[in-house]
1. Quick check on the range 228-236. Is at least one of its residues touching a strand residue (DSSP E or B) at 6+ places or on another chain (Cβ under 7 Å) and either farther than 23 Å from Thr51 by Cβ or among the polar types (S, T, N, Q) (or both)?
2. Tell me, yes or no, whether the range 293-302 has at least one residue that is farther than 17 Å from Gly176 by Cα and modelled with pLDDT under 95.
3. Scan the range 113-132 and report the pairs whose first residue is closer than 12 Å to Ile157 by Cα and touching a residue at least 12 places away in the same chain (Cβ under 8 Å) and whose second residue is surrounded by 13 or more Cβ atoms within 10 Å (Cβ to Cβ) and among the small types (Gly, Ala, Ser), with Cβ atoms within less than 6 Å and a gap of 6+ or a chain change.
4. At pLDDT 95 or above and open to solvent by 30 Å² or more (accessible area, probe 1.4 Å): is that true of Ile139 in this structure?
5. Within the range 142-153, take every residue that is of a type outside the set (S, T, N, Q) and more than 25 Å from Tyr79 (Cβ to Cβ) and give me the one that is least open to solvent (accessible area, probe 1.4 Å).
6. Considering only the range 245-292, how many residues are touching a residue at least 60 places away in the same chain (Cβ under 8 Å), open to solvent by less than 30 Å² (accessible area, probe 1.4 Å), outside any helix (DSSP H, G or I) and under 26 Å from Ala136 (Cα atoms)?
7. Just the residues that are open to solvent by 30 Å² or more (accessible area, probe 1.4 Å), in contact with a helix residue (DSSP H, G or I) (Cβ under 9 Å, 6 or more places away or on another chain) and outside any helix (DSSP H, G or I), please, taken from the range 61-103.
Amino acid sequence: MDIQLLLLTIVVSFILAVIAAPLLIPLLRRMKFGQQVRDDGPQSHLKKIGTPTMGGIVILLAFTLTFLKFSAIKNTDFYVLLVATLGFGLIGFLDDYIKIVFKRSLGLTARQKLFGQLLFGGIMCWLLLSNDHSTAISIPGTSWSFDWGGWFYYPFIIIMMLAISNAVNFTDGLDGLLSGTSAIAFAAYAIVAIQATSLPAAVCSAAMIGAVLGFLVYNAHPAKVFMGDTGSLGIGGAIGAIAIVTKSEILFIIIGGVFVIEMLSVVLQVASFKTRGKRIFKMSPIHHHFELSGWSEWRVVITFWAVGLLLAGLGLYLNKGL
């Protein structure tokens, strides 16, 4: 596989994002597409009110242009990756747009968002079915695998896409947190894609690395722009699709361990409060718990980046990548 092509993809995507962001930020300000902040959140977040959001448009734009340009092979994997990233990104865009323009704090209803995710998940399944995609699932770090057929596999990957996109969405809560952790995950998946000889997945990973790092230039603390659901759901869609086309579905639990932890913290918090009337964490997702425990925002972000890096390394080791 051409490593130079992947490096060029990263560089071009990064440059596009760095150029596009300062053009979009003033436009978002003029349109009053500002961030809303939870009243029960850390008091330090109140100063974020009004910061432009929907900056995920920058990520999706840089990604799409470079992915289309540098993808020499436009096979089924290519279209699955494109549908997942842009499809889930579109759901996020609609959610952001409704929140801001129509002043509906919840954006899309849960049913509407679920319908959109099922729709694009179904399109992905149809594309994979048309190409006789393997329904076997491997256990990371072992030679074991199991294949229970399409009746199990396709519902499984739809649920997987829902879980991953929402887990990534939960992680987007601090300046630079998701941009950094997703860049690490995409870097790990670029190596996984090279090992799986999936050029579309490798180029997709590279395009996303450049896009999120370019966005991070403006999203690092103190953030000048937030990605919103447009970016977080698009990133989640891309990560899930890459895991599927490279046949590393279970490996996401390790490489994307930070996202899994964030989602579990929300699930445990809600379950505990509904069953016992008590909270486990001061606030969920868990990154807010550390903030309310006295950690600075930057310390939380750096720590989560470090954890993400360690988990990505472990994932590659279990994938026999090291």
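The values are calculated or read from the model by the stated rules, or taken from the named source; none is laboratory data. Everything numeric here is computed off the predicted structure, so don't read it as measured data. Here the Cβ positions follow ideal geometry from the backbone for every residue, glycine too, while neighbour counts run over all protein chains shown. To get the accessible areas, we keep the full protein, side chains included, count just its heavy atoms, and leave off ligands, DNA and RNA. Shrake-Rupley method; radii C 1.70, N 1.55, O 1.52, S 1.80 Å.
1. Applying the first criterion (touching a strand residue (DSSP E or B) at 6+ places or on another chain (Cβ under 7 Å)) to the range 228-236 yields none.
The answer is no, given that none of the residues of the range 228-236 is touching a strand residue (DSSP E or B) at 6+ places or on another chain (Cβ under 7 Å) and either farther than 23 Å from Thr51 by Cβ or among the polar types (S, T, N, Q) (or both).
2. Checking the range 293-302: at least one residue is farther than 17 Å from Gly176 by Cα and modelled with pLDDT under 95.
3. Phe120/Gly87; Met124/Ala84
4. On the way: at pLDDT 95 or above: no; open to solvent by 30 Å² or more (accessible area, probe 1.4 Å): yes.
Considered against the rule, which asks whether it is at pLDDT 95 or above and open to solvent by 30 Å² or more (accessible area, probe 1.4 Å), Ile139 comes out as no.
5. First, pick out the residues of the range 142-153 that are of a type outside the set (S, T, N, Q): 144, 146-153.
Add one more test, that the residue is more than 25 Å from Tyr79 (Cβ to Cβ), and what stays is 144, 146, 148.
Numbers: Trp144: 172, Phe146: 58, Trp148: 136 Å².
Checked the range 142-153; the qualifying residue least open to solvent (accessible area, probe 1.4 Å) is Phe146.
6. Count: 4.
7. Ala72, Ile73, Lys74, Asn75
Residue by residue, here is whether (1) at pLDDT 95 or above; (2) among the small types (Gly, Ala, Ser); (3) under 24 Å from Leu90 (Cα atoms) holds:
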site: Met124; (1), (2), (3): yes, no, yes
site: Asn131; (1), (2), (3): no, no, no
site: Phe146; (1), (2), (3): no, no, no
site: Gly149; (1), (2), (3): no, yes, no
site: Pro155; (1), (2), (3): yes, no, yes
